[in-house]
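Right, one structure below, let's go through it.
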Amino acid sequence: MTATRSVLATQATDFPRWFQDVIAKAELADNGPVRGTMVIRPYGYGIWERLQAALDERIKAAGAANAYFPLLIPESYLRREAEHVKGFSPELAVVTHAGGKQLEEPAVVRPTSETVIGEYMAKWIQSYRDLPLLLNQWANAVRWELRPRLFLRTTEFLWQEGHTAHATAEDARAFATRILYDVYRDVMVNVLAIPVLPGRKTRRERFAGAVNTMTLEAMTGDGKALQMGTAHELGQNFARAFDIGFLSSDGQRELAWTTSWGSTTRMVGGMIMVHGDDAGLRVPPVVAPTQVVVLAVRDETLEAARRIADELMAAGLRVEVDDRTDQPFGRRAVNWELKGVPVRVELGPRDLDSNVATVARRLRGSGKETVGLPDLTSTVVAAMDADQALLLDEAAARQTARTTAVSTVDEALEAAATGWASLPYDVVGEDGEDRLATAGITVRCLQRPDGTLPTEDSESGLTAIVARSY
């Protein structure tokens, strides 16, 4: 542990610095050449690929199909939905010249695609038989961030954005809710091992142009909140602006009801901040690009290390052999610990002579156990399930311990210094939100007392979750 701590800030003394140190030292990403952009390195992209695959599988199971829409959007498209352009205006990147000439109409670099997709939905939808239209795209987006931070808020980021059109408001709401729970929450909990709190955003925190934004909020290691995924009911706002209409079964022309929903590379940042410790990353086994690394201590154990790796791969594990025997063993072990690989299997000459291997589980700190080679594969496979569950349990315990039930805005301000506060939204209201905002605190979401989603902001008896956030 000592060697690792020497290259990382500690969470307790400087959590933001620790976060940046982990990203750099674990070789996840680097700053891009333009301010706020990000170069995702192979190890970081490997994590994103597994997240992407998990999301894509669930999105398709919900009935949406992948498509692709242009990066460049005519500026006039955005201006047709006034509230939407107002919400994104400070973040827009606009192309005014191309091919050595000034463009007749400026093109906006995609901040999100409601407008361009709305234009084509209007073209493709003619009757109720064309509904619901369920689309998703994997793409990049650009929002000019004033205070960029790798994997949290970058000028350019990778994401999926879903867009759907429905015949009724009820169908639109049901589908957006299904995405929130069956896609996003399922991935957060069962893939990333991150407990998330579902809720409704307040009016001031709502997505520009939406009538309802539903969110999933995670608690980071320093007690702050991180928005991990959102689903929006857009009502008929975009349908009206882009004339997304259809002939009903009785021959009447009606406007569609639309939704949009998205999750980004911020999920990788959330994984780092929720599970990491002072020794670096702790990657949940389900999403780990490398679940097991087999370290050959010396040249004479290389052949055995490769044979063990083959046996582990045959059991369905993702395995890498570290054969860099020309480098100090301790340095290599610390490097894999920093990268958060769930299990290290260390094989030295004495281990080989005794027909055993040394197993180090990342979640168990520096503790190691000696395992007989005949039992090695079953031991490592069992560790995957156990450690996935343990990460979720640890994060859930922290969220519970650092969420304080309060009854006043003053108490919420105090509690949000170290964690989350929950209190009646009737006590907060819009005036209370203004007061919290002056201290850098927001209402992260609203819930009913039983934890379910409200259908209206105006419902009485709602609980507000209040926190500082990233």
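Condition (residue is within 19 Å of the chain's Cα centre (by Cα), part of a helix (DSSP H, G or I), surrounded by 15 or more Cβ atoms within 10 Å (Cβ to Cβ) and on the phi < 0 side of the Ramachandran plot) applied to region 1-9: is it met by at least one residue?
If we filter region 1-9 for residues that are within 19 Å of the chain's Cα centre (by Cα), which is where we start, we get none.
No.
Does any residue in region 33-57 that is modelled with pLDDT under 95 come within less than 6 Å, Cβ to Cβ, of a residue that is open to solvent by 30 Å² or more (accessible area, probe 1.4 Å) and assigned to a helix (DSSP H, G or I) six or more places away or on a different chain, and which pairs are these?
Taking only residues 6 or more apart or on different chains, not a single pair turns up.
Here's a check for you: in region 238-256, which residue that is closer than 19 Å to ALA210 by Cα and aliphatic (A, V, I, L, M) is modelled with the lowest pLDDT?
Here the answer is ALA241.
Within the set of pairs 6 or more residues apart or between chains, which connect a residue that is of a type outside the set (Val, Ile, Thr) inside region 80-96 to a residue that is assigned to a strand (DSSP E or B) with Cβ atoms less than 8 Å apart?
LEU92/VAL108; LEU92/VAL109; ALA93/VAL108; ALA93/VAL109; ALA93/VAL142
Select from region 299-334 the residues that are in a loop (DSSP other than H, G, I, E, B) and under 16 Å from ARG344 (Cβ atoms) and write down the one among them that is least open to solvent (accessible area, probe 1.4 Å). First the steps, then the outcome.
Quick first cut of region 299-334, residues in a loop (DSSP other than H, G, I, E, B) only: 315-318, 323-328.
If we keep only those that are under 16 Å from ARG344 (Cβ atoms) too, we end up with 317-318, 323-325, 327-328.
On the way: LEU317: 20, ARG318: 59, ASP323: 71, ARG324: 80, THR325: 39, GLN327: 68, PRO328: 69 Å².
The selected residue is LEU317.
Quickly run through region 421-470 and pick out the residues that are among the small types (Gly, Ala, Ser) and either touching a Phe, Trp or Tyr at 6+ places or on another chain (Cβ under 8 Å) or over 20 Å from ALA401 (Cβ atoms) (or both).
The first filter runs over region 421-470 and keeps only residues among the small types (Gly, Ala, Ser), leaving 421-422, 429, 432, 437, 439-440, 451, 458, 460-461, 464, 467, 469.
Hits for region 421-470 are GLY429, GLY432, ALA437, ALA439, GLY440, SER458, SER460, GLY461, ALA464, ALA467.
Please work out which residue is farthest from GLY262 (Cα to Cα), limiting yourself to region 77-112 and to residues that are β-branched (Val, Ile, Thr) and not in a loop (DSSP other than H, G, I, E, B). Break it down stepwise before answering.
Here is the first cut: in region 77-112, the residues β-branched (Val, Ile, Thr) are 85, 94-96, 108-109, 112.
Keeping just the survivors that are not in a loop (DSSP other than H, G, I, E, B) gives 85, 94-96, 108-109.
Values: VAL85: 18, VAL94: 22, VAL95: 25, THR96: 28, VAL108: 19, VAL109: 17 Å.
Looking at residues that are β-branched (Val, Ile, Thr) and not in a loop (DSSP other than H, G, I, E, B), I get THR96.
Condition check: of a type in the set (S, T, N, Q), open to solvent by less than 30 Å² (accessible area, probe 1.4 Å) and part of a strand (DSSP E or B). Does THR370 satisfy that? Explain how you work it out, then say what you get.
Details: of a type in the set (S, T, N, Q): yes; open to solvent by less than 30 Å² (accessible area, probe 1.4 Å): no; part of a strand (DSSP E or B): yes.
The answer is no for THR370.
Residues in region 406-445 that are surrounded by fewer than 22 Cβ atoms within 10 Å (Cβ to Cβ), assigned to a strand (DSSP E or B) and not hydroxyl-bearing (Ser, Thr, Tyr): how many?
So the count comes out to 1.
Being at pLDDT 95 or above, β-branched (Val, Ile, Thr), open to solvent by 10 Å² or more (accessible area, probe 1.4 Å) and part of a loop (DSSP other than H, G, I, E, B), is that true of even one residue in region 201-216?
Yes, the conditions are met somewhere in region 201-216.
Please tell me if PHE69 is assigned to a loop (DSSP other than H, G, I, E, B) and at negative phi. Spell out the reasoning first.
On the way: assigned to a loop (DSSP other than H, G, I, E, B): yes; at negative phi: yes.
Taking the combined requirement at face value, the residue satisfies it.
Would you say ARG35 is open to solvent by 20 Å² or more (accessible area, probe 1.4 Å), in a helix (DSSP H, G or I) and charged (D, E, K, R)?
Values: open to solvent by 20 Å² or more (accessible area, probe 1.4 Å): yes; in a helix (DSSP H, G or I): no; charged (D, E, K, R): yes.
Here the answer is no, as ARG35 does not meet what is asked.
Kindly indicate whether GLU311 is in contact (Cβ under 8 Å) with a residue 40 or more places away in the chain and touching a Gly at 6+ places or on another chain (Cβ under 7 Å). Write out each step before concluding.
Values: in contact (Cβ under 8 Å) with a residue 40 or more places away in the chain: yes; touching a Gly at 6+ places or on another chain (Cβ under 7 Å): no.
No: the conditions fail for GLU311.
How do the pairs read when you match residues in region 105-133 that are without any contact (Cβ under 8 Å) to a residue 12 or more places away in the chain with residues anywhere that are acidic (Asp, Glu) and open to solvent by 10 Å² or more (accessible area, probe 1.4 Å), using Cβ under 8 Å and keeping only pairs 6 or more apart or on different chains?
Cβ pairs passing all conditions: TRP124/ASP130.
Since ARG364 meets every condition but one in (1) open to solvent by 70 Å² or more (accessible area, probe 1.4 Å); (2) modelled with pLDDT of 95 or more, which condition does it not meet?
(2)
Quick one: what pairs do we get from region 268-285, first residue closer than 14 Å to ALA396 by Cα, second at pLDDT 95 or above and of a type in the set (Lys, Arg), C-beta under 8 Å, 6+ apart or different chains?
The qualifying pairs are HIS275/ARG282.
Based on this model, can you work out whether LEU226 counts as modelled with pLDDT of 95 or more and under 30 Å from ALA314 (Cβ atoms)? Walk me through it before giving the result.
Values: modelled with pLDDT of 95 or more: yes; under 30 Å from ALA314 (Cβ atoms): no.
For LEU226, the condition - modelled with pLDDT of 95 or more and under 30 Å from ALA314 (Cβ atoms) - is not met.
State which residue is farthest from ARG35 (Cα to Cα) when the search covers only region 157-181 and only residues that are of a type in the set (Phe, Trp, Tyr) and buried (at least 17 other Cβ atoms within 10 Å of the Cβ). Reasoning before the result, please.
First, the residues of region 157-181 that are of a type in the set (Phe, Trp, Tyr): 157, 159, 175, 181.
If we keep only those that are buried (at least 17 other Cβ atoms within 10 Å of the Cβ) as well, we get 157, 159, 175.
On the way: PHE157: 13, TRP159: 19, PHE175: 37 Å.
Among those that are of a type in the set (Phe, Trp, Tyr) and buried (at least 17 other Cβ atoms within 10 Å of the Cβ), it is PHE175.
Which residue out of GLY280, GLY269, GLY330 is within 35 Å of the chain's Cα centre (by Cα) and at positive phi? Show your work before the answer.
Details: GLY269 fails: at positive phi; GLY330 fails: at positive phi.
The conditions single out GLY280.
Which residues, counting only those in region 144-156, are touching a helix residue (DSSP H, G or I) at 6+ places or on another chain (Cβ under 7 Å) and either buried (at least 20 other Cβ atoms within 10 Å of the Cβ) or more than 22 Å from LEU71 (Cβ to Cβ) (or both)?
Residues satisfying the conditions are LEU150, PHE151, LEU152.
Return the residues of region 101-139 that are among the polar types (S, T, N, Q), over 15 Å from TYR68 (Cβ atoms) and surrounded by 15 or more Cβ atoms within 10 Å (Cβ to Cβ); say none if nothing qualifies.
THR115
Hey, among the residues in region 446-456 that are in a loop (DSSP other than H, G, I, E, B) and either aromatic (Phe, Trp, Tyr) or open to solvent by less than 30 Å² (accessible area, probe 1.4 Å) (or both), which one's nearest to SER422 (Cα to Cα)?
Checking each candidate, the answer is GLY451.
Condition test on ARG147, is it charged (D, E, K, R), over 29 Å from ASP182 (Cα atoms), outside any helix (DSSP H, G or I) and without any contact (Cβ under 8 Å) to a residue 12 or more places away in the chain?
Criteria met by ARG147.
The values are calculated or read from the model by the stated rules, or taken from the named source; none is laboratory data. Please read all numbers here as calculations on a predicted model, not as lab measurements. Note that we place each Cβ from the backbone using ideal geometry, even for glycine, and neighbour counts take in every protein chain shown. Just the protein is used for accessible areas: all its heavy atoms, side chains included, with ligands, DNA and RNA removed. Shrake-Rupley method; radii C 1.70, N 1.55, O 1.52, S 1.80 Å.
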